[in-house]
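Trainee: Mind having a look at this structure? Questions to follow.
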Amino acid sequence: MRIRPGLVLLASIAAGLPLSGAAEAPGRPPSAAPVPDQSWLPTFSRSVQGTGVPGLDGGHVFLWNRPQAFDPVSTLRVDRHVPEGSGEAPHTYKAIWALGSTGPHNAGYEWTITGELHNRALASTGAQNVAVNGTIFKEPNGVGPVGPSWAGNFNCVDMTDEADPVASCIGAEIDVSAQSPTTDRNRQRVGLQISTGGVPGAHTGYGILMGNLTGSITDRAISFQGEGTYGIGIDAAAARFTGVPMLLAAGQAIGLDGNRDGGFSRSLGFDGRDLVYGTGAGPVLRVSDTGQIEAASFRETQPRPPASSRAPCIPGDHAWDEAYEYRCVAPDRWKRAALSDW
């Protein structure tokens, strides 16, 4: 790890270490600096409370870096290479581990790791500015299939046993806000963008994959809060699909009048035989693959009777008025039957 002199200087200040050659205040006689515990200074380590592991106990270290020009050198770099087999299966090993805990009355916003970038680069430069970047390269090992790889992993494990909790446990939250009341026709203020291609010719299995372990339950795979206003819930208009935009299995349906509690009374789906529209009382409309329609009733609100027996029509068209029922029996050929009381 390379640390530039300026960084060591500021780190020493933040850690409370004495600096050689530091100027005394004007008009004051030189004073003897207190001699700190020198036993851990050469390696910047001493026992950390409660762990028995060497480290820096209770120190605040602040690294400040302001390169005058383009500087590809990292401010802080930690390399960890494990080229051969090591470790134990159930253990998790970390290059950098930040551990924090809160008390029940801590009203502060405790953020374990924070990445913040103030971007002022011109859009015309094509720069890619990222506050936090996690990249993993899944590479061949010459032995066998390479194991699972996550570029970023976020977990919130709720251990409270609270039923219907009132405070969030969120695996990942992505906030995008704009201070200007303008439109976004170019789709540049995006809460979540998933670019699965990466390189030309790349093949990705799924853009978003929801999965549960055996016995676990997810109440809503994708849900919208009842706050604010949305333009379109799901927009697939600009996409090109080799399959279908939405895929449902037989026996699955879409709820058409749902509420935020998950209740609904009208649905549209496929039961394995017919396309079915139904209510809580049962199916109301069925359409088979052969085009056969079964409906509780049928009403034609615009009768549109033909002006003559040679009016344009396609076989199968029908119409009516107060006196006749009309049927198209051939192209542009109507016949009618009189209606009567009984």
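The values are calculated or read from the model by the stated rules, or taken from the named source; none is laboratory data. Keep in mind it's a predicted model, so treat the numbers as computed, not measured. For neighbour counting, all protein chains shown are included, and Cβ atoms are generated from backbone atoms with ideal geometry for every residue, glycine included. Each accessible area value is taken on the protein alone, full model and side chains, heavy atoms only, with ligands, DNA and RNA left out. Shrake-Rupley method; radii C 1.70, N 1.55, O 1.52, S 1.80 Å.
Trainee: If only one of GLY269, GLY262 is among the small types (Gly, Ala, Ser), surrounded by 10 or more Cβ atoms within 10 Å (Cβ to Cβ) and modelled with pLDDT of 95 or more, which one is it?
Mentor: Unique residue meeting the criteria: GLY269.
Trainee: Still on this structure, please answer the following. Could you identify the single residue in VAL146, VAL132 that is within 19 Å of LYS94 (Cα to Cα) and not hydroxyl-bearing (Ser, Thr, Tyr)?
Mentor: Only one candidate qualifies: VAL132.
Trainee: So ASP184 ticks every box in (1) modelled with pLDDT of 90 or more; (2) surrounded by 10 or more Cβ atoms within 10 Å (Cβ to Cβ) but one. Which box is left unticked?
Mentor: (1)
Trainee: Another question, then. Going by what's in this entry, would ARG299 be described as open to solvent by 100 Å² or more (accessible area, probe 1.4 Å) and either in a strand (DSSP E or B) or of a type outside the set (A, V, I, L, M, F, W, C) (or both)?
Mentor: So ARG299 fits the description; yes.
Trainee: Which one of the conditions (1) modelled with pLDDT under 85; (2) within 22 Å of ASN133 (Cα to Cα) does GLY87 fail to meet, given that it meets all the rest?
Mentor: (2)
Trainee: Condition test on ALA239, is it modelled with pLDDT of 90 or more and either assigned to a loop (DSSP other than H, G, I, E, B) or open to solvent by less than 90 Å² (accessible area, probe 1.4 Å) (or both)?
Mentor: For ALA239, the condition - modelled with pLDDT of 90 or more and either assigned to a loop (DSSP other than H, G, I, E, B) or open to solvent by less than 90 Å² (accessible area, probe 1.4 Å) (or both) - is not met.
Residue by residue, here is whether (1) touching a Phe, Trp or Tyr at 6+ places or on another chain (Cβ under 6 Å); (2) closer than 30 Å to THR135 by Cα; (3) touching a residue at least 40 places away in the same chain (Cβ under 8 Å); (4) in a loop (DSSP other than H, G, I, E, B) holds:
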site	(1), (2), (3), (4)
GLN179	no, no, no, yes
THR183	no, no, no, yes
ALA202	no, yes, no, yes
GLU227	no, no, no, yes
ASP235	no, yes, no, yes
ALA250	yes, no, no, yes
ARG286	no, no, no, no
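Trainee: Only one residue in PRO331, PRO312, PRO305 is more than 30 Å from ILE254 (Cα to Cα), touching a residue at least 12 places away in the same chain (Cβ under 8 Å) and either open to solvent by less than 80 Å² (accessible area, probe 1.4 Å) or among the aromatic types (Phe, Trp, Tyr) (or both), so which one is that?
Mentor: On inspection, the qualifying residue turns out to be PRO305.
Trainee: Which of the residues belonging to the stretch 292-342 are touching a Cys at 6+ places or on another chain (Cβ under 8 Å) and within 26 Å of LEU275 (Cα to Cα)?
Mentor: Those that are touching a Cys at 6+ places or on another chain (Cβ under 8 Å) and within 26 Å of LEU275 (Cα to Cα): ILE314, PRO315, GLY316, ASP317, HIS318.
Trainee: Please go through the stretch 259-278 and pick out each residue that is touching a strand residue (DSSP E or B) at 6+ places or on another chain (Cβ under 9 Å), part of a loop (DSSP other than H, G, I, E, B) and of a type outside the set (Ser, Thr, Tyr).
Mentor: GLY262, GLY263, PHE264, ASP271, ARG273
Trainee: Yes or no: the stretch 206-224 includes at least one residue that is surrounded by 10 or more Cβ atoms within 10 Å (Cβ to Cβ) and of a type in the set (Phe, Trp, Tyr).
Mentor: For the stretch 206-224, residues surrounded by 10 or more Cβ atoms within 10 Å (Cβ to Cβ) and of a type in the set (Phe, Trp, Tyr): present.
Trainee: Quick check on my filter: what residues within the stretch 100-125 are closer than 30 Å to GLN49 by Cα, open to solvent by less than 100 Å² (accessible area, probe 1.4 Å) and of a type in the set (Gly, Ala, Ser)?
Mentor: Listed by number, the residues that qualify are GLY100, GLY103, ALA107, GLY108, GLY115.
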